[in-house]
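First up is the structure itself, then whatever we jot down about it.
Every number here is computed from the coordinates shown, using simple stated rules; none is lab data. For clarity, every value in this text was computed on a predicted model and none was experimentally measured. Using ideal geometry, Cβ is built from the backbone for each residue, glycine included, and neighbour counts are taken over all protein chains shown.
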Amino acid sequence: DNFLPKTSASFSTNSYDAFISPNTLNLSSFTKLMKKLQEIHPEASRDRIVDALLEVRKNNKGILSGLSINSIVKRTSVIL
């Protein structure tokens, strides 16, 4: 325990927890992605954007890894 760095990040059981996993996007990429999508689609709620991202993932065989951020943004924008 003493060898692990302490972090201030807390994780809750919000709907986007399933989206953030080691196999898809790290937290930094997720934050950038959300920021970009919120700028492009200011009318969309955060939950709506997350739902659209989950749909993109579902349509891509259940994964987002391998897709560029721009590709994810384009595919999500089509859904939004």
Two pseudo-spin positions, 7 Å from Cα along C-beta at Asn59 and at Ser29, lie apart in nanometres by 1.9 nm
Taking only Cα atoms of the stretch 27-79, radius of gyration then Dmax in Å: 10.1, 28
Provide the per-residue ³J(HN,Hα) series for the stretch 32-49, in order, calculated from phi with Karplus coefficients 6.51, -1.76, 1.60 and θ = phi - 60°, each as a whole number of Hz, with x at glycine and proline positions. 4, 4, 5, 4, 5, 5, 5, 5, 6, 10, x, 7, 8, 6, 4, 4, 5, 5
